[in-house]
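> Just passing along the structure, written as structure tokens.
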Amino acid sequence: MLTNPILSSFKNFRLYLLFWFIIIAIYLSILTFGIKADLYFIIIDSIVFNLILSGLGLSFWYSARFIPLEMNNLSRIIFTHIFGGVLLTIIWLFLGYNVINIFIKNFDDYSKFFFETLSWRFLIGLLIYFLITSFYYIITYYTGFQEKIVTENKYKILATEAELKNLKFQINPHFLFNSLNSLSALTTINPKKAKVMIQKLADFLRYTLPNNEKQKNKLSEELRNIKLYLEIEKIRFEDKFEYIEKIDEECKQVEVPNMILQPLIENAIKHAVYETLDKVTITLTCTQENEFLKINLTNNYDKETKAKKGSGIGLKNIEGRLELLYGRNDLLKVKKTDDTFSVSMYIPLEE
């Protein structure tokens, strides 16, 4: 950032003007009550010297900008600023003295007054140099700190979005591989069913792909997506499972993570329907509990059959997405009995 922060912000410029009003007031008080000089000298002196110093003060930014605290040792910083302060104070006094020469007729009297007060003028010049330079260092540090926070937050958001996309992109391929395997078998066993399945799969993809970039969706839309998905699974498993939906009407307009229900139901089909000859009942319920939307999926399973092994991508995927979106790791609960498997998912209700 090379622009002077005082000139780049109207708020900072107003603060700078306020600072100089205070300096002028102190300067006038010293001349009036401390030195008790001629009023004409006081007014001209105060206006000229403070206007020049306020203008020079804008240039102090560059000494602070090009002598950063973190890149130089303390002795070098102190020496450089003492030298800079002395040099700029001399320039200030030289310019002020010669400009006043233009406006004051009895300059010899003023010249005597000027040299009598030269020592405290010099100290004032040094003091203001260090005050303004310190102000610039504070502004530089604060601005850099704020930019660092903004950049870090930006990268965190990008990393979170990338991780969420990665988790979502794990869902469709997993489902598609299973569907394509079934299609491959159906093309020889039952071509008519294969044709219907292709149409259903096309409907499913036509709906899900345009919405893939969205992080959240209304529950009603997710339920529609689930029905498209189950129509495909029904072709594969026919009457091996029954799907029951019990959704409170007030829940349907609540936004939930996009594509969050599919891996939940796919997990039930994979670990229950695949592994039994008996009919499996999959029940999806949704209610509002306090500040949460509670979505529960329960299915029965045959405890005598060996559970199908897998990578566990479904529930881990859901848990990971919930934690990334809501910053909590307690939003997914699993309960297993001798013949039922239940997963409860809690979606925080946004005000």
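> Against the definition (under 30 Å from T32 (Cβ atoms) and not basic (K, R)), how does S111 come out, yes or no?
Yes; evaluated as a whole, the condition is true for this residue.
> Next question. I'd like to check which helices (runs of 4 or more DSSP H) are fully inside region 1-76 and have at least 2 residues that are modelled with pLDDT of 80 or more and either over 18 Å from S111 (Cα atoms) or under 33 Å from the mean Cα position of the chain (by Cα) (or both).
10-29, 39-65
> Another question, then. What number of residues within region 203-245 satisfy the criterion of being closer than 17 Å to P263 by Cα, without any contact (Cβ under 8 Å) to a residue 12 or more places away in the chain and over 37 Å from the mean Cα position of the chain (by Cα)?
So the answer is 1.
> Would you confirm whether or not region 275-288 contains a residue that is closer than 17 Å to D338 by Cβ and among the basic types (K, R)? Explain how you work it out, then say what you get.
Going through region 275-288, the residues closer than 17 Å to D338 by Cβ turn out to be 275-276, 278, 280-281.
Of the ones still in play, those that are also among the basic types (K, R) are none.
No, that holds for no residue.
> Something else: Scan region 213-243 for residues that are surrounded by fewer than 17 Cβ atoms within 10 Å (Cβ to Cβ) and outside any helix (DSSP H, G or I) and jot them down.
E213, K214, Q215, K216, K218, E242, listed by residue number.
> Kindly indicate whether I124 is in the same structural domain as F145 (by TED's automatic domain parsing), over 17 Å from Y136 (Cβ atoms) and not acidic (D, E). It would help to see each step written out before you state the result.
Working: in the same structural domain as F145 (by TED's automatic domain parsing): yes; over 17 Å from Y136 (Cβ atoms): yes; not acidic (D, E): yes.
In short, yes.
> Further question on the same structure: Select from region 257-283 the residues that are part of a loop (DSSP other than H, G, I, E, B) and in contact with a Leu (Cβ under 9 Å, 6 or more places away or on another chain) and list them in ascending order. Spell out the reasoning first.
Initially, region 257-283 is screened for residues part of a loop (DSSP other than H, G, I, E, B), giving 258-261, 274-279.
If the condition is that a residue be part of a loop (DSSP other than H, G, I, E, B) and in contact with a Leu (Cβ under 9 Å, 6 or more places away or on another chain), then I260, L261 are the ones that fit.
> Enumerate the pairs (first residue in region 37-55 and closer than 10 Å to Y27 by Cβ; second residue anywhere and exposed (fewer than 15 other Cβ atoms within 10 Å of the Cβ)) with beta-carbon separation below 7 Å, excluding pairs fewer than 6 apart on the same chain, so at least 6 apart or on different chains.
Cβ pairs passing all conditions: I42/T32.
> Within region 249-270, work out how many residues are of a type outside the set (V, I, T) and either surrounded by fewer than 17 Cβ atoms within 10 Å (Cβ to Cβ) or in contact with a strand residue (DSSP E or B) (Cβ under 7 Å, 6 or more places away or on another chain) (or both).
Residues in region 249-270 being of a type outside the set (V, I, T) and either surrounded by fewer than 17 Cβ atoms within 10 Å (Cβ to Cβ) or in contact with a strand residue (DSSP E or B) (Cβ under 7 Å, 6 or more places away or on another chain) (or both): 10 in total.
> For region 90-106, does any single residue satisfy the condition of being under 15 Å from I132 (Cβ atoms) and either in contact (Cβ under 8 Å) with a residue 40 or more places away in the chain or of a type in the set (V, I, T) (or both)?
yes
> List the residue pairs whose Cβ atoms are under 8 Å apart, where the first residue sits in region 175-202 and is in the same structural domain as N267 (by TED's automatic domain parsing), the second is of a type in the set (F, W, Y) and assigned to a helix (DSSP H, G or I), and the two are 6 or more positions apart or on different chains.
F175/Y229
> If you don't mind, another one. Identify the single condition in (1) part of a loop (DSSP other than H, G, I, E, B); (2) loosely packed, with under 15 Cβ neighbours inside 10 Å that K246 does not satisfy, given that it satisfies every other one.
(1) is the only condition that K246 fails.
> State all residues of region 8-23 that are farther than 20 Å from T143 by Cβ, surrounded by 15 or more Cβ atoms within 10 Å (Cβ to Cβ) and aromatic (F, W, Y); if no residue qualifies, say none.
Correct list: W20 only.
The values are calculated or read from the model by the stated rules, or taken from the named source; none is laboratory data. Being a predicted model, the structure only gives us computed values, none of them experimental. We place every Cβ from the backbone using ideal geometry, glycine too, and count neighbours over all the protein chains shown.
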